[in-house]
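The values are calculated or read from the model by the stated rules, or taken from the named source; none is laboratory data. What you are looking at is a predicted structure, and each value in this text was computed from that prediction instead of being measured. Don't worry about glycine lacking a Cβ; one is built from the backbone with ideal geometry, like all the others, and counts go over all protein chains shown. Protein only, heavy atoms only, side chains kept; ligands, DNA and RNA dropped before computing areas. Shrake-Rupley method; radii C 1.70, N 1.55, O 1.52, S 1.80 Å.
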Amino acid sequence: MTTVDQNGTAGSGLEQFDVEPVNRRDKQQPLYAPRKKIHPKRAEGTFRRFKWLVMLITLGIYYVTPWIRWDRGEFAPDQAVLIDLYHRRFYFFWIEIWPQEFYYVAGLLLMAALGLFLVTSSVGRAWCGYTCPQTVWVDLFLVVERFVEGDRNKRIRLDKEPMSASKAAKRVSKHTIWLLIAVATGGAWIFYFADAPTLLMEVVTGTAPTVAYGTIAVLTFTTYSLGGLMREQVCTYMCPWPRIQAAMLDEHSLTVTYNAWRGEPRSRHRKVQEAAGATVGDCIDCNACVAVCPMGIDIRDGQQLECITCALCIDACDQVMDKIGKPKGLISYSTLASYEHNMTLARLADGTIDPSRVHTPDGGIAPEVEHTTLRSILRPRTMVYFAIWALIGVAMLVMLTTRDRLELNVLHDRNPVSVRLSDGSIRNGYTVKILNMMPERRTVLLTIEDFPDAAMIMPLEKDDPRQAIFLDVDPDSLRAQRIFVVAGPDALEGEQTPFRFRIRDSAGSESAEYDAIFYDGAAR
């Protein structure tokens, strides 16, 4: 490593990183090349701080959410977010989803997919660079690695050193912390499927179900291997999204871009070349952008499958531009349309780039240069994505707020379909299923409509025909009740007489109905 001064000449000033990208344009590796270990340097700047914030929020949500309590009454769990597979319920704060309401989950998955399309078409692979679990856990593991082994140069030297007690202690410490993080990751996941405090005690005392320990083991292995050992290989070889996201981008999508129209031709000896009358761009070829890249690529080679658009190269380059007195933004979020427009301004008739054409005499950026604006994001394509996404969200919200929590289903007896009683009346048997989807006991009134001469009889109360029956239903449960409906031959409309069962919450306004058929077997 050497240093360069503010004019780009060798001296005591900026760091000149001795680093080579993993996929140099002129030295492309085969598809299944052995992994070349990457030692990303810690970056400082706006995007790095934003990544810290995102990592804090996402990890906080993942690890803390199972421990949030939510009072639903004495008959329901008090865990705010719970996927109760045993009772087939999904609880999310005040929302309770039953198995027959799985379309809400499908709607959330559809919103997630459309949201990913919206983000990608607007700001490129922002999901990959900031919120993807692989990115978040790799960032966390890198924090541990830097804490134990030091920043980039110290880690490189440590790799080259022969094994010693100090090196072994650092490696053991690093991998131990990684394993603890991986165990915590698997442990946090299982708490979403059972009461977290109870399951934690069972795990600690060895009384938890076998599937809990198996899940922890699998997630520990995957988190440790993917986040600690494989890192960028997961994004390059295992993840399908880099290959899919190209279809989501267009010339107005924001991506991390090296602005060659002001950076080329790059030079490490600006002062000497400018004195000789040579054309020199703003890039001093310090490789700072490569040194901080967690994927180990050179953004100056253009858009690449490996780039996750984390924008750490922007932070690194902006710091260099500050030190040499040049405007920030040599590497920036830009669109292909803006890049081509600015390249046209800087390109000479022979195809070479003259960066002076995009600079003002005082070294600033010429007003003709096109910069990224909000208009780059707010365009018809992204607005259509957002409209569909919002429409699905609003529709689900309306359905959630207006849905009934009382359902009725009725099954007619198959054999016999009907029975003629000794007094000549006809009797049909039904199983009435009342579903109470509230965490409280409810009393419902069961009645018959559109069948005025019919009466209902409970199986154990055959001498007590009624027009209405009160039934108690336990919280969050289904009550199946056998009911006989009796009618005289004169009340029937032929072989089949349609009518309706109706239930109503005696303490509220909720109700449900079910269309049924009364059969007259003697009419056949």
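With everything on Cα atoms, drop me the angle between helix 133-149 and the longest principal axis of the chain, reported from 0 to 90° to the nearest 10.
Tilt of helix 133-149: around 50 degrees.
What length, rounded to one decimal in nm, is gained on full extension from Arg157 through to Lys37, with 0.36 nm per residue of separation minus their alpha-carbon distance?
This chain segment gains 41.9 nm when fully extended.
Along Cα→Cβ, 7 Å out, is where each label goes; now give me the distance between the ones at Leu378 and Ser356 in nm to one decimal.
About 4.0 nm separates the two model spin labels.
Taking 0.36 nm per residue of separation and subtracting the Cα-Cα distance, what length does fully extending Thr46 through Glu274 add?
Values: separation 228, 0.36 × 228 = 82.08 nm, distance 3.21 nm.
Difference between extended and current length: 78.9 nm.
Just to verify a number: FRET efficiency for Phe102 and Phe221, C-beta to C-beta distance, R0 = 25 Å, to 0.05?
E between Phe102 and Phe221, to the nearest 0.05, is 0.25.
Among the aspartates and glutamates, which have Cα under 16 Å from the Cα of Lys462 when same-chain residues fewer than 8 positions away are ignored?
Of all the aspartates and glutamates, those that pass the test against Lys462 - Cα under 16 Å, at least 8 places apart if same chain - are Asp423.
Ignoring any ligand, DNA or RNA, what whole percent of the accessible area of the chain comes from carbon and sulfur when the probe is 1.4 angstrom?
Of the solvent-accessible surface of the chain, carbon and sulfur hold 62 percent.
If you split all Cα-Cα distances of the stretch 106-182 into 5 Å bins from zero, what percentages do you get per bin, shortest first?
Reading upward from the zero bin: 3, 13, 16, 16, 12, 10, 9, 8, 6, 4, 2, 0.
Test of understanding: what is the full-extension gain from His87 to Thr431, defined as 0.36 nm times their sequence separation minus their Cα-Cα distance?
Additional length available on full extension: 121.6 nm.
Seen from all sides and averaged, what is the projected area of the convex hull of the Cα atoms in the stretch 305-358, in nm²?
Taking a quarter of the hull surface, the average projection is 4.8 nm².
If each of Lys167 and Arg479 carries a label point 7 Å out from its Cα toward its Cβ, how far apart are those two points in nm?
For Lys167 paired with Arg479, the spin-label model returns 7.5 nm.
Compute the distance from the alpha-carbon center of the stretch 407-452 to that of the stretch 237-270, in whole Å.
The two parts, judged by their Cα centres, are 67 Å apart.
Computed FRET efficiency, Cβ-Cβ of Asp250 and Phe75, R0 41 Å: what is it to the nearest 0.05?
Efficiency at R0 = 41 Å is approximately 0.20.
Take the cross-link list Lys37/Lys328; Lys154/Lys326; Lys37/Lys323; Lys271/Lys326; Lys51/Lys160 and give me the ones stretching past 19 Å between alpha-carbons.
Beyond 19 Å between Cα atoms: Lys37/Lys328; Lys154/Lys326; Lys37/Lys323; Lys51/Lys160.
Determine, from the Cβ-Cβ distance of Met343 and Tyr63 and an R0 of 60 Å, the FRET efficiency 1/(1 + (r/R0)^6), rounded to the nearest 0.05.
Result of the calculation: an efficiency of 0.85.
Looking only at Cα atoms, what is the convex hull volume of the chain per residue, in Å³?
235 Å³
Averaging over all projection directions, find the projected area of the Cα convex hull of the stretch 31-136 and quote it in nm² with one decimal place.
Quarter of the Cα hull surface area: 11.1 nm².
Take every Cα pair under 8 Å in the chain that's 6+ residues apart, average their separations, divide by the length, and report that relative contact order as a whole percent.
Across the chain, relative contact order equals 15 percent.
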